[in-house]
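The values are calculated or read from the model by the stated rules, or taken from the named source; none is laboratory data. It should be emphasised that the depicted structure is a prediction, and the values quoted were computed from it without experimental measurement. Because the Cβ atoms are built from the backbone with ideal geometry, glycine has one as well, and the counts that use them run over all protein chains shown. Just the protein is used for accessible areas: all its heavy atoms, side chains included, with ligands, DNA and RNA removed. Shrake-Rupley method; radii C 1.70, N 1.55, O 1.52, S 1.80 Å.
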Amino acid sequence: MRGLLALVVIAAVVAAAGFLAGHPGHVEIVWQGWQVDTSAAALAAFFVAAVVLVWGIAAAIGGLWRMPRHLRGRRAARRRRAGDAAVTRGLVALAAGDAVRAQREAARAAALLDDAPVPLLLAAEAAQQQGDGGTARQSFAKLLENPETELLGLRGLLGEAVRSGDAAIARRFAERARQLQPASPWLAEKALALQARAGDWPAARATIADAARRGALPAERARHARGVVLYKLSREAETGGDTRRATALAARAQSLLPDLAEPAVYHARLLLALKRHRAARRAIEHAWRTAPHPDLARAYLDAHPAIEPLAQAAALQRLGTQNPDALESHLAIAEAALNARLWGEARRHLRLATATAPPAGPSRRLCLMMARLEDSEPGDPKAARQWLERAAAAPPDPSYVCSRCGAPSAAWQPVCSVCGSFDSFTWSVPERQPAGTPALPDASERPLMLPGPTGPSADRMHRNEPSPPQHAATPEVRGLAEP
């Protein structure tokens, strides 16, 4: 466009010059005693020269006027380029683990970029790598002064408070950050975890409702979290002596948590406290369909008045029909059959359990039950010893494991004591622990009822020693008799 405009101007000048050359004319000017006689072409040339001269003088004066601003702009551009280069070098040093150099480059970038947010973040990260929490908090606090970077500062201060173990301050930072970004999934989870750690279940309930309404929590996640909160509210109601309200809340919690056995066990215990044995059995049977667990089997036996081993075995067999293909159904029936001395039924279910075992092989609990069976009937010391040897190297039994950090727990917890996550425990097989690490006791290794065999045979089992061949006087029973 500039070239086209220049061509147009040149063409106009050439046309005007040609016109004036063909029509020279005569111009006479008389002003203040002066008289000028000239041609029209000369007057036009003089006028153009005067305009150019005035324009040149004005441009020179304007250039001198703008020179300081241009110099400041060029200097600022050089500082900005140098600051960006310092930030880049600091990020590279931070990635390489050189926190000292990263801190030095962050200070240089902050001086060149006038406390821009990126150098402050770089300085905070470098201070965290050096373990300098004070410097990190100062850098994050400076970010709070700018509304555009306030959320970054709050997130950094929140992380520092969590690392230092100050849950109350961390909770305040999380709630303030949620006011800035109420639809943030990360902030909703963090605020919920901190409220749960503080035991403020009404606040956690309100947070779940608000986060679900804003879309910060998926519907399934919100439903599960709401069930955990109702379970804890039920616990508080029971502590306060309101058993009926606790039972109602526990029933709602069980319906929202079909994948967890603990709410169903607790609901059944409350029903038993109200002498509602049939309702307790129905609650356990319903839970067994989706989350079979040893604690459910124990609660089911508590809900039956039967105390004889045969009656208990029959009761667990009825429970197992709610989920006949589950591994825990076979194990529960087999253990009850062992206690009732129903060797054939115990062997059948243990074989089914072995067939459905994962590719890693039977678990420790299953191997110990097989060793107990071989030690009891018909008395095969070699087979019992082999199963005991397999139990020593067998895969671990299922337990409650945090899905965030992988920490195992002997019992289900709403908040992980290791990483602080809320509603993260699932019933699954934990990863193998290093050699020499003591294993946590879990619910699957506790007996369902009173132990069956006692005496020398049981003592040998505890010492991992085979027993001598025995001949049972009781004939083998292939079925479970109804009580």
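The single residue among A268, A251 that is of a type in the set (A, V, I, L, M), part of a helix (DSSP H, G or I) and open to solvent by less than 10 Å² (accessible area, probe 1.4 Å) turns out to be A268.
Contact map, the range 349-376: residues that are closer than 16 Å to A332 by Cβ paired with residues that are among the charged types (D, E, K, R) and assigned to a loop (DSSP other than H, G, I, E, B), Cβ distance under 7 Å, separation 6+ or inter-chain. Pairs shown: S363/D397; R365/D397. Every listed requirement among (1) in a helix (DSSP H, G or I); (2) surrounded by fewer than 23 Cβ atoms within 10 Å (Cβ to Cβ); (3) among the hydroxyl-bearing types (S, T, Y) is met by Y231 save one, (2). If you go through the range 133-182 and pick out every residue that is of a type in the set (G, A, S), in a helix (DSSP H, G or I) and surrounded by fewer than 21 Cβ atoms within 10 Å (Cβ to Cβ), you end up with 7.
Within the range 359-375, can one find any residue that is of a type in the set (D, E, K, R) and part of a loop (DSSP other than H, G, I, E, B)? No, every residue in the range 359-375 fails to be of a type in the set (D, E, K, R) and part of a loop (DSSP other than H, G, I, E, B). Of all residues being over 23 Å from A168 (Cβ atoms) and out of contact with any Lys or Arg (no Cβ under 9 Å at 6 or more places or on another chain) in the range 199-215, which is most open to solvent (accessible area, probe 1.4 Å)? Just the residue, please. That would be R213. Of all residues in the range 304-350, those being open to solvent by less than 10 Å² (accessible area, probe 1.4 Å) and acidic (D, E) number 1. If you go through the range 377-394 and keep only what is at pLDDT 90 or above and either surrounded by 18 or more Cβ atoms within 10 Å (Cβ to Cβ) or touching a strand residue (DSSP E or B) at 6+ places or on another chain (Cβ under 9 Å) (or both), you end up with A384, W387, L388, A391, A394.
Could you list, in sequence order, the residues of the range 216-228 that are farther than 18 Å from W412 by Cα and either open to solvent by less than 10 Å² (accessible area, probe 1.4 Å) or not in a helix (DSSP H, G or I) (or both)? Selection gives A216, L217, P218, A222. Within this structure, L301 fails the test of being out of contact with any helix residue (DSSP H, G or I) (no Cβ under 6 Å at 6 or more places or on another chain), surrounded by fewer than 24 Cβ atoms within 10 Å (Cβ to Cβ), closer than 30 Å to D242 by Cβ and of a type in the set (A, V, I, L, M, F, W, C).
Only one of the numbered conditions (1) under 26 Å from A393 (Cβ atoms); (2) over 37 Å from the mean Cα position of the chain (by Cα) is not met by H330, and that is (2). For the residues R155, R163, R108, R137, the requirement of being among the charged types (D, E, K, R), touching a residue at least 12 places away in the same chain (Cβ under 8 Å) and in contact with an Asp or Glu (Cβ under 6 Å, 6 or more places away or on another chain) singles out R137. Taken together, the residues in the range 56-93 that are open to solvent by 30 Å² or more (accessible area, probe 1.4 Å), touching a helix residue (DSSP H, G or I) at 6+ places or on another chain (Cβ under 8 Å) and either of a type in the set (A, V, I, L, M, F, W, C) or not in a helix (DSSP H, G or I) (or both) amount to 2.
Taking the range 396-410 as the range and being open to solvent by 20 Å² or more (accessible area, probe 1.4 Å) and more than 28 Å from G159 (Cα to Cα) as the test, the residues that pass are P396, P398, A410. Only one of the numbered conditions (1) part of a helix (DSSP H, G or I); (2) touching a strand residue (DSSP E or B) at 6+ places or on another chain (Cβ under 6 Å); (3) of a type in the set (S, T, Y) is not met by T354, and that is (2).
Taking the criterion of being touching a Gly at 6+ places or on another chain (Cβ under 7 Å) and under 26 Å from H286 (Cβ atoms), the residues of the range 311-344 that qualify are S329, A332, I333, N339.
Scanning the range 183-192 for residues that are touching a residue at least 24 places away in the same chain (Cβ under 8 Å) and open to solvent by 10 Å² or more (accessible area, probe 1.4 Å) turns up A183, S184, P185, E189, K190. Would you confirm whether or not the range 108-115 contains a residue that is outside any helix (DSSP H, G or I), more than 33 Å from the chain's Cα centre (by Cα) and under 23 Å from G153 (Cβ atoms)? Yes, the range 108-115 contains at least one residue that is outside any helix (DSSP H, G or I), more than 33 Å from the chain's Cα centre (by Cα) and under 23 Å from G153 (Cβ atoms). In the set (1) of a type in the set (A, V, I, L, M); (2) open to solvent by less than 60 Å² (accessible area, probe 1.4 Å); (3) not in a helix (DSSP H, G or I), V36 fails one condition alone, (2).
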